[in-house]
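So the structure is just underneath, and the comments pick up after that.
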């Protein structure tokens, strides 16, 4: 047989030759943004640091995974549309959204220079009551705006909250807390808005789930976010979850439903006025919690605790920087 006959050898060598000169796949383009590096990823997408080509402004750009089904796509689109209407300084600002040249849905949002509260406590230990009070005030303000528009976040937890150094802000020790990731947001004004495509799905993170979000997940309102905020405050003050001794998700959920909450002052020095609010937020019956986030703001404003001085704030953030470098 001739070595140039139509056979395996000529076909293989030919395809290899064409592969050699075939142009590399064109990189995906995301509107006016170019990706710089990945910041993190989760169930609802990958987040990149990106830069606007014309303005030079950096942003966080969230991209929906290709393998997510149409239900998840609708949830993602609902996230960006609804979050775009929120303008509180403690809510991350949405800049733009669209589809890439390869058809992937994305949106660009404010790039937050700070640390998520879960990582912050793990690296630096529990926060001072004054700093926690400031964080609660900020987050309550952001939730008051969202709840006023009929939106429930449904996944308030330390990992979804960022603490930033905000120069020029004299209150709260120069800190600013911000709410991230409205990926589980639900419109309470829309009875047909299902988060999963099937009714009755429990969504959220077990250590921060309100009892009603476990028992009747289709019947939650803003007070479920307040319960989660109470569980978050408990973690920030003590460095431990409310039901830290419960093993596994099922046991944690069962504890939220039935177990009494050990006061945080058992594990840390917590002023009585602040502890009373935390325990009210963690009431099993939502009727015993503050009626809404705006009223919670009023209760928090009535508490007077020493806020970090500028020197204390500098020392705190220097310690955070050192802990981050050591991690």
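The values are calculated or read from the model by the stated rules, or taken from the named source; none is laboratory data. Just so it is clear, the structure is predicted and the values come from calculations on it, not from any experiment. Note that we place each Cβ from the backbone using ideal geometry, even for glycine, and neighbour counts take in every protein chain shown.
Out of the residues in region 289-298 that are part of a helix (DSSP H, G or I) and touching a helix residue (DSSP H, G or I) at 6+ places or on another chain (Cβ under 8 Å), which is nearest to residue 220 (Cα to Cα)? Before the answer, list the steps.
At the first step, the residues of region 289-298 found to be part of a helix (DSSP H, G or I) are 293-298.
Still in the list and also touching a helix residue (DSSP H, G or I) at 6+ places or on another chain (Cβ under 8 Å): 293-294, 296-297.
Working: 293: 14, 294: 18, 296: 18, 297: 20 Å.
The qualifying residue nearest to residue 220 (Cα to Cα) is 293.
Within region 130-150, which residues are surrounded by fewer than 22 Cβ atoms within 10 Å (Cβ to Cβ) and either over 18 Å from residue 231 (Cβ atoms) or more than 19 Å from the chain's Cα centre (by Cα) (or both)?
At the first step, the residues of region 130-150 found to be surrounded by fewer than 22 Cβ atoms within 10 Å (Cβ to Cβ) are 130, 137, 141, 144-145, 147-150.
Residues satisfying the conditions are 130, 141, 144, 145, 148, 149, 150.
Of the residues that sit in region 300-320 and are surrounded by 16 or more Cβ atoms within 10 Å (Cβ to Cβ) and in contact with a helix residue (DSSP H, G or I) (Cβ under 8 Å, 6 or more places away or on another chain), which one is farthest from residue 224 (Cα to Cα)? If you could, list the steps in order and put the result at the bottom.
If we filter region 300-320 for residues that are surrounded by 16 or more Cβ atoms within 10 Å (Cβ to Cβ), which is where we start, we get 300, 303, 307-308, 312-313, 316-317, 320.
In the following step, the residues that additionally are in contact with a helix residue (DSSP H, G or I) (Cβ under 8 Å, 6 or more places away or on another chain) were identified as 300, 303, 307-308, 312-313, 316, 320.
Values: 300: 18, 303: 23, 307: 28, 308: 30, 312: 34, 313: 32, 316: 31, 320: 31 Å.
Among residues in region 300-320 that are surrounded by 16 or more Cβ atoms within 10 Å (Cβ to Cβ) and in contact with a helix residue (DSSP H, G or I) (Cβ under 8 Å, 6 or more places away or on another chain), the one farthest from residue 224 (Cα to Cα) is 312.
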Pick from region 238-263, criterion in contact with a helix residue (DSSP H, G or I) (Cβ under 8 Å, 6 or more places away or on another chain) and under 11 Å from residue 209 (Cβ atoms), ranking: surrounded by the most Cβ atoms within 10 Å (Cβ to Cβ): 256
Members of region 58-73 that are surrounded by fewer than 15 Cβ atoms within 10 Å (Cβ to Cβ) and out of contact with any strand residue (DSSP E or B) (no Cβ under 7 Å at 6 or more places or on another chain): 66, 67, 69, 70, 71
Starting from region 299-313, take each residue that is assigned to a helix (DSSP H, G or I) and list its partners that are surrounded by 14 or more Cβ atoms within 10 Å (Cβ to Cβ), counting only C-beta distances under 6 angstrom and pairs at least six apart or across chains. 299/277; 300/136; 300/137; 313/173; 313/174
Residue check for residue 294: closer than 19 Å to residue 139 by Cβ and either touching a strand residue (DSSP E or B) at 6+ places or on another chain (Cβ under 9 Å) or in contact (Cβ under 8 Å) with a residue 24 or more places away in the chain (or both): yes
Can you say whether residue 260 is under 30 Å from residue 217 (Cα atoms), within 23 Å of the chain's Cα centre (by Cα) and outside any helix (DSSP H, G or I), as far as the supplied structure shows? no
With (1) part of a helix (DSSP H, G or I); (2) closer than 28 Å to residue 302 by Cβ as the list, and residue 127 as the residue in question, which single condition is left unmet? (1)
Right, residue 119: within 16 Å of the chain's Cα centre (by Cα) and more than 22 Å from residue 267 (Cβ to Cβ) or not? no
For residue 67, state whether it is under 29 Å from residue 135 (Cα atoms) and at pLDDT below 95. no
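Would you mind finding the one in 315, 321 that is assigned by TED's automatic domain parsing to the domain that holds residue 270, at pLDDT below 95, over 25 Å from the mean Cα position of the chain (by Cα) and closer than 20 Å to residue 121 by Cα? Walk me through it before giving the result.
Details: 321 fails: over 25 Å from the mean Cα position of the chain (by Cα).
Checking each option against the conditions leaves just 315.
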